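Read the figures in this text as sums done on the coordinates, not as results from a lab. For clarity, every value in this text was computed on a predicted model and none was experimentally measured. Heads up, the Cβs are rebuilt from the backbone with ideal geometry, glycines too, and the neighbour counts pull from every protein chain shown.
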Amino acid sequence: MDNFLKLIIILWIIFFFFLLYQIFDYIKFKIYLKKLKNKPCICKEYLEKLDYYQKIPKNLKEIIEFKIKRFLIEKQFIPKYMQINDEIKCIIAFYACLPTIAYKNFCYPSLKYIYVYPHTIIKKHINQNGIVKKEMLISGESVGDAVIIAWDEAKRDIYHYQKRNVIIHEFAHELDFEEGMIDGIPVFAIEDFEHFKTIFNKTFQKAVKDRIIDEYAYTNKAEFFAVTTEYFFLRPKTLKVHYPELYKEYIKIFKFDPLKENQ
Ligand SMILES: [Zn+2]
């Protein structure tokens, strides 16, 4: 047998084992999802307290409970200067999974950690010489493989204010990050990327002049996406009235219409 033939046989063997590994991995993943489906959701009692959960139809409740179970297994919660309990984990998981409700098997593949702080965090901007140039108070942050949440802000948003939501906001940034660039275009827009981008950019330019919604939305395109995602889920009428084209695009990418599903 000449050397070339030997090489071809070796490459085929490697390819065969690689394929076998992929098939095995896929079957393992499917079994894991099936087992998860039959496991009880520890979050039920906390979810029942949420207006948003109560208002969504039964089939969506089942989907989000399944997604929450997976989220709680796959993501690591890291409490900072506080104790963390199931209520905190369940509430964060619910609002993290809400924008992905139509994507049953999507579970933020790049995300690994969720840092939970008791209060707002001081973020220091340090220049090249190591000198603190600016200090800012933040209620959350998204940095690709990690999301930071200040629990007192999140709790206030959810149980009292209900017009903004730092958890939805930070996970909207994660959806933006999963697309590859932090530019306001989320991973779910990939199917119709150019069309979404055109409407999104046009609306952003209009919004910067109008200044109708929360001021923070005008910081840049990424913040505009995160803030308008909060509006889409929490104040859909306002978003629809002021930016109907963008609202229509969000129905398409989130495959969910809060004005119909959340009655
Ligand atoms: Zn933001």
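Applying the Karplus relation 6.51 cos²θ - 1.76 cosθ + 1.60 with θ = phi - 60° to region 25-40 yields 3J(HN,Hα) values of 4, 5, 5, 4, 5, 5, 5, 4, 5, 5, 4, 4, 4, 7, 7, x Hz, where x marks Gly and Pro.
When the chain is fully extended, how far beyond the present Cα-Cα distance does ILE126 get from TYR161, taking 0.36 nm per residue of separation?
Extending this stretch completely gives an extra 9.3 nm.
The chymotrypsin sites (Phe, Trp or Tyr not before Pro) of region 79-120 that DSSP puts in a loop, and whose beta carbon has at most 10 other beta carbons within 10 Å, are TYR81. With pairing defined as another cysteine C-beta under 4.7 Å, the cysteines of the chain that fail it are CYS41, CYS97, CYS107. Considering only ILE23, ILE63, ILE31, the mean-square fluctuation computed in a Gaussian network model of the chain, springs between alpha carbons under 10 angstrom, is largest for ILE23. The angle between the Cα long axis of helix 221-234 and the main principal axis of the chain comes to about 80°, on a 0 to 90 degree scale. Relative to the longest principal axis of the Cα atoms of the chain, helix 166-178 runs at roughly 40 degrees.
Taking a 18 Å limit on the Cα-Cα distance, which of the listed pairs LYS67/LYS112; LYS49/LYS255; LYS34/LYS69 fall beyond it?
Details: LYS67/LYS112 15 Å; LYS49/LYS255 25 Å; LYS34/LYS69 12 Å.
The answer is LYS49/LYS255.
Computed FRET efficiency, Cβ-Cβ of LYS197 and LEU36, R0 35 Å: what is it to the nearest 0.05?
Details: r = 35 Å, r/R0 = 1.00.
About 0.50, to the nearest 0.05.
Checking the a/c ratio against 1.5 first, then a/b against b/c, what shape does the Cα gyration tensor give for region 1-142? Walk me through the numbers on the way to the answer.
Details: a/c = 3.33, a/b = 1.39, b/c = 2.39.
Cα axes put region 1-142 in the oblate bin.
GNM remark for the chain: springs join alpha carbons under 10 Å apart, and the peak mean-square fluctuation among ASN105, ASN127, ASN220 falls on ASN127.
Placing a pseudo-label 7 Å from each Cα along the Cα-to-Cβ vector at PHE18 and PHE77 gives an inter-label distance of 4.0 nm.
In the chain, the longest principal axis of the Cα atoms and the axis of helix 193-210 are about 20 degrees apart.
Can you tell me the mean projection area, over all orientations, of the convex hull of region 36-261's alpha carbons? Units nm², please.
Values: hull surface 51.9 nm².
Result: 13.0 nm².
Computed from phi, the 3J(HN,Hα) profile of region 10-21 under the Karplus parametrisation 6.51, -1.76, 1.60 (θ = phi - 60°) reads 4, 4, 5, 5, 4, 4, 4, 5, 5, 5, 4, 4 Hz, with x in place of Gly and Pro. About the centre of its Cα atoms, the chain shows a dipole size close to 560 debye [charges on the beta carbon of Lys, Arg (+1) and Asp, Glu (-1) only; nearest 20 debye]. Choose one answer from THR228, THR219, THR100: the residue with the largest mean-square fluctuation in a GNM of the chain with alpha-carbon springs under 10 Å. For the chain, modelled as a Gaussian network with Cα springs under 10 Å, the answer is THR219.
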